[in-house]
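This report concerns only the one structure given below.
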Amino acid sequence: NVRLKKWQRALYLALVGVVFALKGIIIQVANYFTGYGYETTSDHGKPMNMVIIMIGVTVFALWKYDELIERREQNIHFINAILLGTMILPLTQINNVFMRLCYYYYIFLMFLLPEFLLCFKGKLRTLITVGGYVAMMLLFARHGIEYKFFW
């Protein structure tokens, strides 16, 4: 039920930037404490589309934070889950296994994305909806439907 003030939202974005900058050190510390060797993912295996999309979703959620919570009090939980997932997201650039951890928090996007659309009015809402469908179809056409394990 944590409700963020504007300065806390700005601090959060700065912290995500710090995690992006220090992701290698964070992984080394995790390796030391867990005893597990998180190896570096090849450049080919980095989930760049997901990183770009989720950074955009997170920035939008923080920008429309007050409006989303005013519309539905339950959105606090969904936004906080997305924020936790995005804090882990930089680590996916080191090892893809962290993406699975992000997905545990990003599952709540199913509830939050329709709320995002309600932030827009009229034709702009329709344009964004159609644009979202087109973008997803282009990603589908580019990558196909085949699911493959990454190891």
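Some observations on this one:
- In the stretch 57-151, the GluC sites (Glu not before Pro) that fall in loop regions by DSSP, at most 16 other Cβ within 10 Å: GLU73, GLU146
- Here each label is just a point 7 Å from Cα along the line to Cβ, and for MET48 and ASP66 those points are 3.7 nm apart.
- Mean sequence separation of contacting Cα pairs (under 8 Å, at least six apart), scaled by the length of the chain, corresponds to a relative contact order of 25 percent.
- Treating each Cα of the chain as an identical point scatterer and summing with the Debye formula, the log10 of I(q)/I(0) at q = 0.12, 0.19, 0.21 Å⁻¹ comes to -0.60, -1.28, -1.40.
- Restricting the stretch 49-151 to trypsin sites (Lys or Arg not before Pro) in coil, as DSSP defines it, with at most 11 other Cβ within 10 Å: LYS121, LYS148
- Protein heavy-atom surface of the stretch 71-151, 1.4 angstrom probe: 71% of the accessible area is carbon and sulfur, with nucleic acids and ligands not counted.
- Peptides 56-62, 10-16 ordered by packing proxy, namely the average of other Cβ atoms within 10 Å per residue, highest first: 56-62, 10-16.
- Comparing ILE128, ILE107, ILE55 in a Gaussian network model of the chain where C-alpha atoms under 10 Å apart are linked, the largest mean-square fluctuation is found at ILE128.
- Within-12-Å neighbourhood charge of PHE120 [Cβ basis; K, R +1; D, E -1]: +2
- Of PRO90, PRO47, PRO114, the one that fluctuates the most in a GNM where the chain has Cα springs shorter than 10 Å: PRO114
- Span-rule helices in the chain, defined as complete DSSP H runs reaching 18 Å or more along the axis (Cα) with Kyte mean at least 0.5: 6-21, 48-63, 75-88, 122-143
- Cα-based Lys pair tally, the chain, threshold under 25 Å, eight or more apart or on separate chains: 7
- Volume per residue of the C-alpha convex hull in the stretch 81-139, rounded to whole Å³: 96 Å³
- Taking every C-alpha pair closer than 8 Å and separated by at least 6 residues, the mean separation divided by the residue count of the stretch 75-151 gives a relative contact order of 25 percent.
- At a probe radius of 1.4 angstrom, the accessible area of the chain per residue rounds to 68 square angstrom.
The values are calculated or read from the model by the stated rules, or taken from the named source; none is laboratory data. Fair warning: this is a prediction, and the values are worked out from it, not measured in the lab. Cβ coordinates were reconstructed from backbone atoms using ideal geometry, including for glycine residues, and neighbour counts include every protein chain displayed. Side chains are part of the model used for accessible areas, which takes the heavy atoms of the whole protein and leaves out ligands, DNA and RNA. Shrake-Rupley method; radii C 1.70, N 1.55, O 1.52, S 1.80 Å.
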